[in-house]
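First the structure, in the form of structure tokens, and then the observations on it.
The values are calculated or read from the model by the stated rules, or taken from the named source; none is laboratory data. On a predicted model such as this, the values are computed, not experimentally measured, just so you know. Note: ideal-geometry Cβ built from the backbone for every residue, glycine included; neighbour counts use all protein chains shown.
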There are 2 protein chains.
Amino acid sequence: MPGGFVRQGESLEGAMRRHLAEKVGVTDVGHLEQLDSHSADTHPELWLLDVSYLALIARGAEPQLPPDTEWHGVEALPKIAFGHAGAIARAHERLRGKLSYSNAAFALAPPRFTLRELADVYEAVLGYAVSPTNLGRVLGRDGLIAATGGHRRAGAAGGRPAAEFAFTRRELVVSRPLAAFKPPEDAG
Amino acid sequence: MPGGFVRQGESLEGAMRRHLAEKVGVTDVGHLEQLDSHSADTHPELWLLDVSYLALIARGAEPQLPPDTEWHGVEALPKIAFGHAGAIARAHERLRGKLSYSNAAFALAPPRFTLRELADVYEAVLGYAVSPTNLGRVLGRDGLIAATGGHRRAGAAGGRPAAEFAFTRRELVVSRPLAAFKPPEDAG
DNA sequence: AGGGTTTTCGACTCGCGGGCATAAACTATG
DNA sequence: CATAGTTTATGCCCGCGAGTCGAAAACCCT
């Protein structure tokens, strides 16, 4: 949970990017999204306003962390995160929702990936296995991903080489604007 | 766009509810949701932090407004809203999205309503007509609304009396947690 | 060359959203 | 009281998209 104070005249997002770069060495943020703000009353003599962000970085772009840092899965977090537990839960829930109806995975996946790798990213976030076949068909039909033409060498255990894919857009696109009811019936 | 300053020690949501009650006489807020925050640099000598909220109130619960207040549709807003135009657009977009995959309309509709009335609420937000029949079937299938058993008297022009419905839950429920991929396959 | 492994492609099923036609229920009029 | 007009409710059909499954393709190792 890297963070810090905002300088006067600085935008909130700019402050977040500055802290990300200074404290964990992350400059290539795929997607940065504000979560929520709340006034923290933990310090009676100090008046703080917390603004939390959700930052998505690509798999493989490892941030520079202190040497004694340990990674924990979001399913089994240690109890150390005193006030951050709620923020982590909200961020996770938000990300789970976004993955289902947007191309938010563009910020999590590497620039080129196989359907298996992308499905693994989804599984890591959603918590259950997704079918690489269906994933490719759904995202491909909406035009969110496209085959690059390249192929990936098979792994150590053999197997057919997987086709490489890439996201067509690198900004957030909400795929299904209205899911339940009559769309505007666009003539054409 | 009612609003104001936050008192020290006051929560942001509490401040929002206080300003809603004091300035427009709205105490029964069906749903209150934080939109986004940004540091306002319009005043060079003052350091302001804007936190905007989206408040949904029931149709019919008219707020107490100054006598010279005019209502404007969100489609044709006057140019007076200098910095609020963006906030209004974001709030509208957020509400449109929420209506499609949640029961956010519980905060907009009166406690008991007919399918026609609910469809009118949807049309007002989405901007196009929705079918009362389909609306009732979809929301009923997901268990979001249920018939109360009562009926509404027919209007002046006659017609079959409409059945009364009510939302089963009065807190936000996201109906389709994951739309695209394999659900957790809940056994039972 | 053959077995094992992984990916890809096609066909099939199933449930849901949407539309349409018809029935039901009420009001107003003569 | 009968009829026309209006609005709501119900049932049926259709199309589409997601999900599953099986077979083929392509690769590695022995």
Notebook entry, point to check: Taking the range A:21-60, which residues are more than 19 Å from A:Arg94 (Cα to Cα), in contact with a Gly (Cβ under 9 Å, 6 or more places away or on another chain) and hydrophobic (A, V, I, L, M, F, W, C)?
Noted result: A:Ala40, A:Trp47
Notebook entry, point to check: Can you name the condition, by its number, that A:Ala76 falls short on among (1) under 19 Å from A:Ile57 (Cβ atoms); (2) assigned to a loop (DSSP other than H, G, I, E, B)?
Noted result: (1)
Next item on the list: Return yes when B:Thr69 is away from chain A (no Cβ under 14 Å), over 16 Å from the mean Cα position of the chain (by Cα) and assigned to a loop (DSSP other than H, G, I, E, B) and no when it is not.
Entry: yes
Item checked: Number of the condition not met by A:Glu45 [criteria: (1) in contact with a helix residue (DSSP H, G or I) (Cβ under 7 Å, 6 or more places away or on another chain); (2) modelled with pLDDT under 85; (3) within 14 Å of another protein chain (Cβ to nearest Cβ)] -> (1)
Item checked: Residue count, the range A:119-130 (criterion: at the interface with another protein chain (Cβ under 7 Å from one of its Cβ atoms) and either closer than 13 Å to A:Phe165 by Cβ or out of contact with any helix residue (DSSP H, G or I) (no Cβ under 7 Å at 6 or more places or on another chain) (or both)) -> 1
Next item on the list: Answer yes or no: is there a residue in the range B:129-139 that is touching a residue at least 12 places away in the same chain (Cβ under 8 Å), outside any helix (DSSP H, G or I) and under 16 Å from the mean Cα position of the chain (by Cα).
Entry: no
Margin query: When you check B:Leu139 against the structure, is it at pLDDT 90 or above, more than 7 Å from DNA strand D (Cβ to nearest atom) and in contact with a helix residue (DSSP H, G or I) (Cβ under 6 Å, 6 or more places away or on another chain), yes or no?
Written below: no
Next item on the list: Only one of these is surrounded by 13 or more Cβ atoms within 10 Å (Cβ to Cβ) and more than 16 Å from DNA strand D (Cβ to nearest atom): B:Arg90, B:Arg112, B:Arg152, B:Arg169. Name it.
Entry: B:Arg90
Item checked: Odd one out for A:Pro63 among (1) touching a Gly at 6+ places or on another chain (Cβ under 7 Å); (2) in contact (Cβ under 8 Å) with a residue 60 or more places away in the chain; (3) not in a helix (DSSP H, G or I) -> (2)
Next item on the list: Using the structure shown, decide if B:Ala147 is in contact with a His (Cβ under 7 Å, 6 or more places away or on another chain), modelled with pLDDT of 90 or more and of a type outside the set (Lys, Arg).
Entry: no
Checklist line | Candidate set from the range A:5-20 (those that are assigned to a helix (DSSP H, G or I) and surrounded by fewer than 16 Cβ atoms within 10 Å (Cβ to Cβ)); member that is farthest from the other protein chains (Cβ to nearest Cβ) | finding: A:Arg18
Next item on the list: Could you please let me know if B:Pro2 is within 29 Å of B:Asp120 (Cβ to Cβ), assigned to a loop (DSSP other than H, G, I, E, B) and modelled with pLDDT under 95?
Entry: yes
Next item on the list: Determine if the range A:160-171 includes at least one residue that is closer than 24 Å to A:Asp36 by Cα and under 20 Å from the mean Cα position of the chain (by Cα).
Entry: yes
Notebook entry, point to check: Cβ-Cβ below 9 Å, separation at least six or inter-chain, first residue in the range B:46-60 and farther than 30 Å from B:Leu118 by Cα, second of a type in the set (Val, Ile, Thr) and assigned to a strand (DSSP E or B): which pairs?
Noted result: B:Leu49/A:Val51; B:Val51/A:Val51
Next item on the list: Filter the range A:110-128 down to residues that are part of a loop (DSSP other than H, G, I, E, B) and within 14 Å of DNA strand C (Cβ to nearest atom) and give me whichever is nearest to A:Arg170 (Cα to Cα).
Entry: A:Arg112
Next item on the list: Specify which of the listed residues (B:Asp36, B:Asp41, B:Asp68) is free of Cβ contacts under 8 Å to residues at least 24 places away in the same chain and surrounded by 11 or more Cβ atoms within 10 Å (Cβ to Cβ).
Entry: B:Asp41
